[in-house]
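The values are calculated or read from the model by the stated rules, or taken from the named source; none is laboratory data. Please read these numbers as outputs of a predicted model, since none were measured by experiment. Positions of Cβ are backbone-derived with ideal geometry, glycine not excepted, and every protein chain shown enters the neighbour counts. We work out accessible area using only protein heavy atoms, side chains counted, and drop any ligands, DNA or RNA first. Shrake-Rupley method; radii C 1.70, N 1.55, O 1.52, S 1.80 Å.
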Amino acid sequence: LFDHLIGNMENHRNVTEFILTGFKLHPGSQFFLSVLFSTMYIVTVVGNACMILIIRMDSKLHTPMYFFLENLSILDICYSSVITPKAALTFSLGRRTISYNGCASQMFFFSLFGTTEAFFLAVMAYDRFTAICNPLLYHIIMNKRLCVFMVVGSYLSGCINCTIQTGFTFSLSFCGPKEINHFFCDVPAVMHTSCSDTFVNEIVMLVVCGSIIVGTALVVFISYVYIIITIVQMPSAESRHRAFSTCSSHMLAVSLFFGTVFFMYAQPGATSSPDKSNTISILYTVVIPMLNPFIYTLRNKEVKGCLKKQLKRK
């Protein structure tokens with residue numbers, strides 16, 4: 001298999017570039033999209049950078065939950081940076097070409113950060129499960145060693161998936177017009193442009209991506225089933241409200257991410273509707289990384305309290 005992949009990559013060296021044709025509208029709309037993407041990217045970077053600074057500056061937030069949240073913010077900046085700046089330039093300058101190597105690199109890093117985010121959300125769900133269902137053992141179970149191991153493990157899982165996805169996709173043959181009906185080099189969209197038989201690749205994508213999405217979503221679902229059961233059994237309304245408030249923001253972020261990603265990658269025929277996927281892709285590539293810091297800030301009393309304290313100092 002390895003020799004087959006290497007041989008095909010050698011054969012495709014004559015393919016020098018692709019053309020991104022997603023959202024091909026009249027100039028006025030293109031300019032609007034460019035401004036919109038640029039604004040959302042700036043908000044994403046500033047919002048997540050502020051989240052990182054708030055967590056690092058306040059010692060009260062040096063807990064496992066905020067350690068994961070800080071890493072999620074770093075990941076969201078990287079995740080958005082792979083797609084959004086290139087898309088904004090494409091819309092503003094009208095240069096829709098992307099080199100063969102550039103396309104492969106974009107797919108690799110997008111798959112890496114996207115997969116890692118799915119594992120991060122599962123890890124954060126397990127963290128909330130431990131905090132609410134086993135509060136007395138929380139600091140023993142969620143020790144620093146385990147937290148670091150979970151973060152590194154999430155990135156390693158992302159590396160495995162992005163290597164498989166990029167390797168299999170760019171082992172295909174590309175002939176005729178190299179037009180990708182998308183605004184970035186996503187796996188289904190690039191696969192759709194190939195003149196090879198993509199059946200095996202689609203099965204690999206469905207099995208690998210599907211197992212990752214379903215597996216991480218199951219961890220989240222099972223964790224929250226136990227969390228909800230524990231919250232319902234709490235004696236006082238105040239303790240129930242406090243427990244629910246610590247995980248409501250995470251539940252919202254999880255619903256947004258897994259809902260859109262499952263629609264894109266974890267169902268048969270994911271490559272058959274590229275037009276529909278363009279709009280949905282904006283949600284998890286641009287909107288969700290921008291919304292995450294606001295979701296976790298506006299619905300979190302500890303973060304809001306630390307933010308107010310820092311503003312008063314200034």
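Annotations for the structure displayed:
- Amide H contacts of GLU17 (H built 1.01 Å from N, in plane; Pro and chain starts excluded): TYR100 sit under 5 Å, all sequence-distant by 5 or more or on other chains.
- Two-site FRET efficiency, VAL214 against ALA237, from Cβ-Cβ distance with R₀ of 35 Å, rounded to 0.05: 0.50
- Per-atom-type breakdown for region 187-259 gives carbon and sulfur 73% of the accessible area (1.4 Å probe, protein chains only).
- The chain, helix-only ellipticity at 222 nm - DSSP H runs n ≥ 4, -39,500 (n - 2.57), divided by all residues, nearest 500: -26000 deg cm²/dmol
- Global form of region 21-144, assessed from the alpha-carbon gyration tensor, a/c cut-off 1.5: prolate
- With θ taken as phi - 60° and the Karplus curve 6.51 cos²θ - 1.76 cosθ + 1.60 applied, the whole-hertz 3J(HN,Hα) list for region 125-133 is 5, 5, 4, 5, 4, 5, 5, 8, 8 Hz, x standing for glycine and proline.
- Hull-based mean projected area of the chain, where the convex hull spans the alpha carbons, in square nanometres: 18.2 nm²
- Estimated at the nearest 10 Å², the accessible area of THR279 is 90 Å² with a 1.4 Å probe.
- On the beta carbon distance between HIS139 and VAL35, with R0 = 41 Å, the FRET formula returns roughly 0.30.
- Of the peptides 139-149, 102-112, 56-66, 117-127, the order by per-residue mean of other Cβ atoms within 10 Å, starting with the highest, comes out as 117-127, 102-112, 56-66, 139-149.
- Simple rule: put +1 on each Lys or Arg Cβ and -1 on each Asp or Glu Cβ in the chain, find the dipole, and look at THR97, SER196, SER38; the Cα lying farthest toward the positive end is SER38.
- Ratio of Rg to Rh over region 99-162 (Cα coordinates, Kirkwood Rh, two decimals): 1.18
- Additional length obtainable on full extension of the chain from SER99 to ILE19, 0.36 nm per residue less Cα span: 27.9 nm
- The residues of the chain expose on average 49 square angstrom of accessible surface per residue, using a 1.4 Å probe on protein heavy atoms.
- Between the amide H of PHE184 and any residue lying 5 or more places away or on another chain, no distance stays under 5 Å, with hydrogens modeled in the peptide plane.
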